Amino acid sequence: MDALAVLTAAGGSFAAGWLVGYALRRAMSIVLTAAGLFIAALLGLQAVGIVVINWGALAGAVSRLVEYVGGEVGPAALAVATSSVGLPFAAGVLLGLWRGGGQGPMMISDLYGEEDEL
């Protein structure tokens, strides 16, 4: 395999990784905001006495989910991660997650620009 092909594959996978990381950062912002609002609503309903939350069962379900997801990484995932395409892709994802989203969540004013004085 010649050097140009390796560099092209690495550069393309890095760019794709950055795009995936950027999209993940935006999606995580939306999902975590929704999850936080949902948990706050549940806690409010529990404080009023409308719902009863079994915290032991919830903790057990989260623990089983973490163990299941953690057990899915195997030799095939390691081989992809160490290839000439996998490492630049992973670096791009990390860069997209770290620097891809700018400062904080997107606001409505970002879509329309600065507010005009009336």
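Extending 7 Å from the Cα toward the beta-carbon at both Val48 and Trp98 defines two label points whose distance is 4.5 nm. Placing a pseudo-label 7 Å from each Cα along the Cα-to-Cβ vector at Ala3 and Ala41 gives an inter-label distance of 5.8 nm.
Only the coordinates and a few stated rules stand behind these numbers; no lab work does. Keep in mind that what you see is a predicted model, and the values were worked out from it rather than measured. Note that we place each Cβ from the backbone using ideal geometry, even for glycine, and neighbour counts take in every protein chain shown.
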